[in-house]
1. With a 1.4 Å probe and all protein chains left in place, how much accessible area per residue does the stretch 6-309 have, in Å²?
2. Percent of accessible area on the stretch 144-265 owned by carbon and sulfur, 1.4 Å probe?
3. Let's see if you can work this out: charge +1 on each Lys and Arg Cβ, -1 on each Asp and Glu Cβ, no other charges. What is the dipole magnitude of the stretch 318-372 about its Cα centre, in debye to the nearest 20?
4. Determine the gain in length on full extension of the stretch residue 266-residue 184; use 0.36 nm per residue of separation and subtract their C-alpha separation, reporting nm with one decimal.
5. Per residue, how big is the convex hull around the C-alpha atoms of the stretch 93-151? Give it to me in cubic angstrom, could you?
6. Under 18 Å from a label point 7 Å along Cα→Cβ of residue 34: give me every residue in the stretch 81-100 with its amide N that close.
7. Of 295/349; 4/295; 7/314; 59/302; 21/66, which sit over 20 Å apart, Cα to Cα?
8. Out of the trypsin sites (Lys or Arg not before Pro) in the stretch 5-65, which ones are loop residues according to DSSP with at most 16 other C-beta atoms within 10 Å?
Amino acid sequence: MSVKAFKLVSAVEREMLMGDKNYINIECIECCGKNLYVGTNDCFIYHFLLDEKMSTAGKITFAATKQLHKYLGLKKPVSELKAASALTRLLVLCDNTITLVNMINLEPVPTGARIKGAVTFTLNENPVSGDPFCVEVCIISVKRRTIQMFMVFEDRVQIVKEVFTPEQPCAVAVDGYYLCLALTTQYIILNYNTGVSQDLFPYCSDEKRPIVKRIGRQEFLLAGPGGLGMFATVDGISQRAPVHWSENVIGAALCFPYVVALDDEFITVHSMLDQQQKQTLPFKEGHILQDFEGKVIVATNKGVYILVPLPLEKQIQDLLASHRVEEALVLAKGARRNIPKEKFQVMYKRILQQAGFIQFAQLQFLEAKELFR
């Protein structure tokens, strides 16, 4: 049975990006506060300001205002963008080189600081250096079976560590000193400080695109065998049951308490609380799904969309209205971390009371008695 957890809202229409130039495709996106950056296959970066509006009927819409666009001067696609807002820098991967550009005017830093030889890269969201004016960047190097760690400052970069892996890495996520890596045939956790590694489970990267995503402190979400979304901690164990995805998942994102996945035809929403599939949204030709500070964004080659979560209280009320008491209570308990304590206690008491009356009306007196108590 479904829950309406998200609504799909258009953010950037194709005309704003490409006009009538059909050959232009979206390669990557980055969102930081109201700033949305789009990288294209013809080596341009576009900067939009996203304005969220709510109608009197409570309907959310987004208006994107184009700020500027910048040609990077190569005949290659912009393959990845990451914002380092503390440095007002955008890290841009194009033609195996990461360039630092100003987030506002998209001009490269005057020193010309760059990282060469990167296949893909990610930022360490749980940095170990403790320096607020630096971001830690992990790259998969063009050198075979090599990962490199860098410290990136406002106008310079510094290599910190080079780590060799047992097989060729194809995807990486970082938490502190821990790297979660998709290799050719398996996923592993590797502590780049001590060199200690731990095998997680086998996976064939030739058959499917691996997914490695940091979802919280010392915890990752991975695309496992048999269409399973698997959770793994840095200790190599799973503290949550897996979610059942389709076999051909392209991307995954987290918007607590939901895990959102994208495949060729659909966006699916699973609950982390009971692993059930809660919602399916038809979405053709999607190739990017990412979450940015709680905002979940999906993109096709031609447009950008935002998955707007419905308020948790509204979702709980909808479940109670369809007499799905158990699911409503699970969601209400899970909402505790998203709602201030006093407000949560008032809300939770009211939900228990409503659930009690539903059970009572269904002649489930013992269950109702427990809820009223």
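The values are calculated or read from the model by the stated rules, or taken from the named source; none is laboratory data. Source: prediction; values computed, not measured. No Cβ is skipped: glycine too gets one built from the backbone with ideal geometry, and neighbour counts run over all protein chains shown. We work out accessible area using only protein heavy atoms, side chains counted, and drop any ligands, DNA or RNA first. Shrake-Rupley method; radii C 1.70, N 1.55, O 1.52, S 1.80 Å.
1. Per residue, the stretch 6-309 has 44 Å² of solvent-accessible surface.
2. Values: 2470 of 5220 Å².
Carbon plus sulfur share of accessible area: 47 percent.
3. For this selection, approximately 320 debye.
4. 26.8 nm
5. 97
6. 85-86, 88
7. Flagged as over cut-off: 295/349; 59/302.
8. Counting only loop positions with at most 16 other Cβ atoms within 10 Å, the trypsin sites (Lys or Arg not before Pro) in the stretch 5-65 are 21, 34, 59.
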